[in-house]
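The values are calculated or read from the model by the stated rules, or taken from the named source; none is laboratory data. Because the structure is predicted, anything quoted here is derived from the model rather than measured. Counting neighbours? That spans all protein chains shown, and the Cβs are built from the backbone with ideal geometry, glycine included. Note: accessible area is taken over every heavy atom of the protein model, side chains too, but ligands, DNA and RNA are not part of it. Shrake-Rupley method; radii C 1.70, N 1.55, O 1.52, S 1.80 Å.
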Amino acid sequence: MKTFLFYLVLFFCSTLCAQKKNIEKLNDDALKIYRTEAKRALSLLEEAQKLSEEKIDVQRTNNSLGIVYRFLGEFEKAKQYSLKVLGTRDIKLEASAYNNIGACNRSMGKYEEAVKFYINALKGYDKLKLDNEYATVCSNLSVVYNSLELYEKAKEYNQTAIEKFTKTENKKGLSEAYNNYAMIVVNEGNLDEALEYFTKSLEIERNLKDKKGISESLNNVGGVYYYQGKINDALKIFREVLAIEKSIKNLGGVASTYNNIAQMLIENKEYTTAKNYIDSAYSFSKKNKISEDYLISIENYINYNEQQQKFKEANQYYKKYNSISDSIRQENNLEQLHDVETKYQTEKKERQILVQRAQIAENQLKIERKNLLILAIISLAVLGGMIGYQFYRVQKIRNKQLEKENQLKDALIKIETQNKLHEQRLRISRDLHDNIGSQLTFIISSIDNLKFILNQENPEISDRLEDISYFTRHTITELRDTIWAMNKENISFADLKIRINNFIENAKLATKGIDFNFEIDEKIDEEFSFSALEGINIYRVIQESINNSIKHAEPTEIQIKFKKNGERFVICVLDNGIGLDENNVKLGNGLHNMYKRIAELGGELTINNNKGKGTKLKINI
């Protein structure tokens, strides 16, 4: 009888052990294939759910389901599965759940919540010394800080991710880190460097044959082509991305790609096709609660209606955008976000200090024992010298430690100050865009309605209304230029060049019979940065000079030249017109403003006016 019971217990234990291994295998297999076979991965995890009886097995399967549903763009559902895992005794599993919840919050625009969960994930992986997983969370944090335009912070976390992924030879992680770095430099205006890193990432993803990774990298390459003005190349790339996202049923990726294609079709004036893509993006992003793409789809509706001169509809979408945008911003308290991150870094620093103090104490003990041994051999003078040296060494270490702590405090104070200034600029620029921009759009719409009503009854008033409408549109353009400058601490030469090129292209469309020539000295480094005041003043002076030539000089050619003379810039605007009449009142006021702007920068402005032979404006700054 006892023998029978023994074999029965042995059989029962063997069955449980085999079942547990089967559950682990189902989870592992699902996480290996979910990027290419999401449906099959879900099927494997449903089977694991049915077999799971122990709490740890249920938690492991829930976390795997959370990861797969996040990949499919069902973020709320993914969060609910991963939240069930928190509190598990398995530190690695809990850290994975924290990371997955952080990623869901990031995709939904809840950046404060995202950082809190990412920081908790870092703590777990750091405790277990898991470099690969730690690097993944650092990469995710860099994406959040990039979204918040805290680029130095984003680069710091991204560099940690690249170093650790390279060390562990994790190709997939390295690809994502390259993508994230490229995103950061895109926001800083360095498109060529961004394209280089996006291409590196795409090469890795093609070698890995990861459809989701290929889609993301292609999407980023297409974005760079778009910003470089290569619209047809970008459209080709994005249509390839759309096909991949549909094949893997990634609804979030489909919504984002629909938005990208719609923006480019609007620029190509293919309005009917663009409207279809906007409708699809709006539907997908709203259904799946993807806040960022939802807002972008509303922006596309605004742009679409403005291009079609449907200003009433555009104004309605402006109001909708402002309401939703304010709601999302209220969920993101940047001050609390920095407190969470700083608290973690402080705790980590304190642990390091405790370890250093323990090591110092241990070293001191060894030295004292050694000194006792030496005391029996050498003279008191030598012993005193040794003790003095040791005290000096310890003091030096303490001084260095205090210096590092002070540097850390100063850096934190500086970051906090910069963040407050940046938030103030953003708040002002948002008010200008949301309030004044919307009001000006409404004014244009109202004027167009009045023109239609009065066109037949009073042509003189209709002409006057046309002048007011043109002035209002020009004011909107000026407002956008001002917001562009306010949103930047520094303006790179490359960014300024793009802005001038856009103005020249608009001038070409508005004039006939005038050739424009824009030349830049090869010595000029396009990464050179102006302050926001310098950038906007240089741009305004060039803009005013070209406008004066077009309105008053009757030229057939206008040249804009940038040269580098030592440490100074020399900018010339030349035309071959009839010359400017400086006694003209309006022109005189414009010239006064130009002189004032350059004087504010400590530069020099000269104008050579040869009547009948053209005008040359020269800026030395």
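Could you rank the peptides 256-266, 542-552, 28-38 by their average count of other C-beta atoms within 10 Å per residue, with the highest value first?
Numbers: 256-266: 24.4, 542-552: 20.0, 28-38: 16.9.
In decreasing order of mean packing, 256-266, 542-552, 28-38 become 256-266, 542-552, 28-38.
Can you work out the Karplus-derived ³J(HN,Hα) for every residue in segment 303-310? Use 6.51 cos²θ - 1.76 cosθ + 1.60 with θ = phi - 60°, whole Hz, and x for glycine or proline.
4, 4, 5, 5, 5, 8, 6, 9
How much accessible surface area, in Å² rounded to 10, belongs to the heavy atoms of E403 with a 1.4 Å probe?
Accessible area of E403: about 100 Å².
Under a Cβ-only charge scheme (Lys and Arg +1, Asp and Glu -1), can you give me the dipole magnitude of segment 231-305 about the Cα centre, in debye to the nearest 20?
On the way: 9 positive and 9 negative charges, 60 e Å.
Dipole size: approximately 280 debye.
What pairs from K564/K611; K286/K497; K129/K286; K84/K212; K200/K287 go past 32 Å between their alpha carbons?
Working: K564/K611 29 Å; K286/K497 37 Å; K129/K286 40 Å; K84/K212 27 Å; K200/K287 34 Å.
Check vs 32 Å cut-off fails for K286/K497; K129/K286; K200/K287.
Sort Y134, Y118, Y226 by accessible area with a 1.4 Å probe, largest first. Spell out each step's value before the answer.
Working: Y134 25, Y118 0, Y226 50 Å².
Largest to smallest exposure gives the sequence Y226, Y134, Y118.
What list of ³J(HN,Hα) values in whole Hz, one per residue of segment 544-552 in order, does the Karplus curve 6.51 cos²θ - 1.76 cosθ + 1.60 (θ = phi - 60°) give from phi, with Gly and Pro shown as x?
5, 5, 5, 4, 4, 4, 5, 6, 10
Using a 1.4 Å probe and counting only protein heavy atoms, arrange D410, D521 so the residue with the most accessible area comes first.
Values: D410 100, D521 40 Å².
In descending accessible area the options line up as D410, D521.
What distance in nm separates the simple spin-label points at T556 and E600, each placed 7 Å from Cα in the Cβ direction?
Taking the simple label geometry, T556 and E600 are separated by 3.8 nm.
What does the net charge come to around A38 if you take all other residues with beta carbon closer than 15 Å to its beta carbon, with K and R at +1 and D and E at -1? If you can, show how the numbers build up before the last one.
Values: positive: K32, R35, K39, R40, R70, K77, K211, K212, K246, K249; negative: D29, E37, E46, E74, D210, E245.
Every neighbour counted, the sum reads +4.
Report the calculated FRET efficiency for L373 and E152 (r = Cβ-Cβ distance, R0 = 45 Å), to the nearest 0.05. All intermediate terms of the calculation are to be shown ahead of the outcome.
Details: r = 51 Å, r/R0 = 1.14.
That gives a FRET efficiency of 0.30.
Could you give the alpha-carbon Rg of segment 488-620 over 2.2 N^0.38 Å, rounded to two decimals? Provide the component values of the computation, followed by the final result.
On the way: Rg = 14.4 Å, N = 133, 2.2 N^0.38 = 14.1 Å.
Scaled against compact globular proteins, the figure is 1.02.
Which order do the peptides 179-186, 371-378 come out in when sorted by mean C-beta neighbours inside 10 angstrom, highest first? Show your work: numbers first, answer last.
Numbers: 179-186: 23.1, 371-378: 10.8.
Sorting 179-186, 371-378 by mean packing, highest first, produces 179-186, 371-378.
Round to the nearest 0.05 the FRET efficiency obtained for E54 and T168 when R0 = 25 Å and r is the Cβ-Cβ distance.
On the way: r = 31 Å, r/R0 = 1.23.
Taking R0 as 25 Å, the efficiency between E54 and T168 is 0.20.
Specify the inter-centroid distance of segment 77-101 and segment 191-250, based on alpha-carbon positions, in whole Å.
31 Å
Taking 24 Å as the cut-off for C-alpha to C-alpha distance, list the pairs among K155/K523; K123/K172; K551/K596; K79/K110 that go past it.
Beyond 24 Å: K155/K523.
What order do E133, E489 take when sorted by accessible area (1.4 Å probe), most exposed first? Numbers along the way, then the final one.
On the way: E133 50, E489 100 Å².
Of E133, E489, the descending order of accessible area is E489, E133.
Suppose R0 equals 45 Å. What FRET efficiency, 1/(1 + (r/R0)^6) with r the Cβ-Cβ distance, do I33 and K497 give to the nearest 0.05?
On the way: r = 47 Å, r/R0 = 1.05.
Efficiency, rounded to the nearest 0.05: 0.45.
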